[in-house]
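Q: Handing you a structure now.
FYI, it's all coordinate maths here, none of it is from the lab. This one's a predicted model, so the numbers in the text were calculated from it and none came from an experiment. Positions of Cβ are generated from backbone atoms using ideal geometry, with glycine treated the same way; all protein chains shown enter the neighbour counts.
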Amino acid sequence: MRVKEIEDLIILGDKYSFSEIEYSRLKKKFNSIIHISYKSKPFHNNIDKINEALEQSTQRVIVLNTQAPLEKELIVYLTKLELQNVKYITIEHFLETYLKKYFISEELSVNTAFLEEVSPYSKFQYAIKRSIDFIGIFLLFLPTLIFSLYTKFRMHKESPGSLYFEQKRVGLGGEEFNCIKLRSMHLNAEENGAKFAKEDDPRVYPWGDRIRYTKIDELGQLYNVLKGEMHLIGPRPERKIWTKEFEKSIPYYSQRHVVAPGITGLAQLKYQYGRGKIDAKEKLMYDLYYIKNWSLKLELEIIWKTLVFLLTSKKEDLSNF
């Protein structure tokens with residue numbers, strides 16, 4: 001269902017909690033947004049609130065964001081509203097249409113459709129992705145060589161040691177591979193165990209901090225792309241110590257491994273964080289959307305947005321992406 005012409009939005013229920021960033025993005029797409037909490041309230045109170053919200057607009061859509069069962073009286077009321085040009089969209093379809101996210105329920109029994117919807121690339125899709133991979137390798141070879149040489153020069157001054165850093169990451173089918181990056185941390189940075197990177201991380205040397213911020217350190221993974229262990233675009237590969245933890249608490253987490261990982265991806269553009277379980281779940285929603293809705297258009301959009309980010313070295317407004 002296409003609802004881009006709708007100017008006013010009514011969100012009924014609390015099944016999914018929108019973040020402040022998401023609200024700010026939606027406010028650029030809708031004239032107004034009204035949230036009506038449905039849980040543990042008499043149906044007539046909800047009807048009054050919906051009526052009040054509808055009086056403020058002529059073009060409106062109601063997002064069915066309810067987890068608790070709707071009472072019969074409320075269902076009858078909502079059915080009559082549809083005859084008055086009020087449109088409905090489920091929270092699952094709304095997230096995909098406007099935020100490019102795949103809804104993840106906390107209850108595994110709620111949705112098993114993901115087993116069919118989130119599946120590996122077809123042979124044709126894989127052929128297109130590999131063609132894009134090789135074009136990318138060709139175009140990025142010279143810049144990678146230049147940055148690698150300059151990084152080696154800076155390392156000699158700031159953190160002597162090997163140019164590249166190899167780390168086991170989880171890839172296609174849950175199998176591990178050696179992920180290669182330009183080294184951005186001092187040698188023996190993880191002698192006290194694995195930790196998520198953070199701002200002003202003392203393990204990072206000055207130039208290493210720069211290449212991490214601009215994502216230049218990821219260029220070493222072009223070798224992984226050449227070998228077929230990665231694509232240019234796809235879910236970012238994580239370490240097994242984290243994937244094992246996330247699989248215990250985040251539904252469908254292992255489903256991101258039905259395709260090979262990427263140097264960058266939709267999740268890196270839409271959610272530029274990544275320091276724990278909450279962030280991992282947010283990123284997973286974008287990863288699953290990408291896998292389910294893969295197309296050449298989406299692939300090229302991600303490549304273009306990534307280039308804009310790299311060339312401007314700032315977080316671009318992605319509200320319309």
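Q: So how far apart, in nm, are the two label points at Asp279 and Lys28 if each is 7 Å from Cα heading toward Cβ?
A: So the label points at Asp279 and Lys28 sit 2.2 nm apart.
Q: Between Thr79 and Leu149, what's the calculated FRET efficiency when r is the beta-carbon distance and R0 is 56 Å? Round to 0.05. Walk me through the intermediate numbers first.
A: On the way: r = 67 Å, r/R0 = 1.20.
The computed FRET efficiency comes out at 0.25.
Q: Let me ask something additional. Using only the Cα atoms of segment 123-312, build the gyration tensor, take square roots of its eigenvalues as a ≥ b ≥ c, and label the shape rounded, prolate or oblate: rounded if a/c is under 1.5, else prolate if a/b is larger than b/c, else oblate.
A: On the way: a/c = 1.73, a/b = 1.21, b/c = 1.43.
Verdict is oblate for segment 123-312.
Q: Obtain the nm distance between the two label points defined at Phe134 and Asp14 by a simple spin-label model: each point lies 7 Å from its Cα along the Cα-to-C-beta direction.
A: Result for the modelled spin labels: 5.5 nm.
Q: Which label marks the calculated value of percent of Cα pairs over 28 Å apart, given the options (1) 53; (2) 48; (3) 60?
A: Among (1) 53; (2) 48; (3) 60, the one derived from this structure is (2).
Q: Pick from Glu229, Glu175, Glu218 the residue whose mean-square fluctuation is largest in a GNM of the chain, springs joining Cα atoms under 10 Å.
A: Per the Cα network of the chain with a 10 Å cutoff, Glu175 tops the list.
Q: I want to make sure I understand the PRE zone here: with the label point 7 angstrom from the Cα of Glu166 toward its beta carbon, which residues in segment 206-249 have backbone N atoms less than 16 Å away?
A: Residues 220-230 qualify, since their backbone N sits under 16 Å from the label point.
Q: Tell me, what HN-Hα J-couplings in whole Hz come from the Karplus equation 6.51 cos²θ - 1.76 cosθ + 1.60 at θ = phi - 60° for each residue of segment 258-269, using x for Gly and Pro?
A: 6, 10, 6, x, x, 5, 9, x, 4, 4, 5, 7
Q: Using θ = phi - 60° and the Karplus form 6.51 cos²θ - 1.76 cosθ + 1.60, what ³J(HN,Hα) does each residue of segment 231-247 get, whole Hz, x for Gly and Pro?
A: Once rounded to whole Hz, the list reads 10, 5, 10, x, x, 5, x, 10, 7, 4, 4, 8, 5, 4, 6, 5, 5.
Q: Let me ask you something else. Just going by the charge dipole of the chain, with Lys and Arg at +1 and Asp and Glu at -1 on Cβ, which of Leu300, Asn188, Ile47 is farthest out on the positive end?
A: With unit charges placed on the Cβ atoms, the residue in question is Asn188.
Q: For a quick check: with amide H placed at 1.01 Å from N, whose amide H comes under 5 Å from Glu176's, ignoring anything fewer than 5 positions away on the same chain?
A: Gly171
Q: While we're looking at this one, here's another question. Efficiency by 1/(1 + (r/R0)^6): what FRET value for Phe124 and Lys157, r their Cβ-Cβ distance, R0 = 51 Å, to the nearest 0.05? Mind showing how you got there, number by number?
A: Values: r = 49 Å, r/R0 = 0.96.
E(calc), rounded to 0.05, equals 0.55.
Q: Contour minus end-to-end for Glu301 and Leu142, with contour as 0.36 nm per residue of separation and end-to-end as the Cα-Cα distance?
A: Working: separation 159, 0.36 × 159 = 57.24 nm, distance 2.32 nm.
Using 0.36 nm per residue and subtracting the Cα-Cα distance, I get 54.9 nm.
Q: Once fully extended, how much extra length lies between His186 and Gln67, figured as 0.36 nm per residue of separation less the alpha-carbon to alpha-carbon distance?
A: Working: separation 119, 0.36 × 119 = 42.84 nm, distance 4.82 nm.
Separation in residues times 0.36 nm, less the Cα-Cα distance, equals 38.0 nm.
Q: Could I ask something else about it? Could you work out how much longer the chain between Tyr213 and Glu55 gets when fully extended? Use 0.36 nm per residue separation minus the Cα distance between them, nm to one decimal. Intermediate results must be reported in sequence, preceding the final value.
A: Working: separation 158, 0.36 × 158 = 56.88 nm, distance 4.78 nm.
Extending this stretch completely gives an extra 52.1 nm.
Q: Name the most mobile residue of Glu55, Glu238, Glu166, meaning the one with the largest mean-square fluctuation, in a Gaussian network model of the chain with Cα contacts below 10 Å.
A: Glu55
Q: Holding the Cα-Cα limit at 30 Å, pick out from Lys129/Lys283; Lys157/Lys240; Lys101/Lys129; Lys27/Lys292 the pairs that are longer than that. Working shown, then result.
A: On the way: Lys129/Lys283 21 Å; Lys157/Lys240 33 Å; Lys101/Lys129 21 Å; Lys27/Lys292 26 Å.
Over 30 Å Cα-Cα: Lys157/Lys240.
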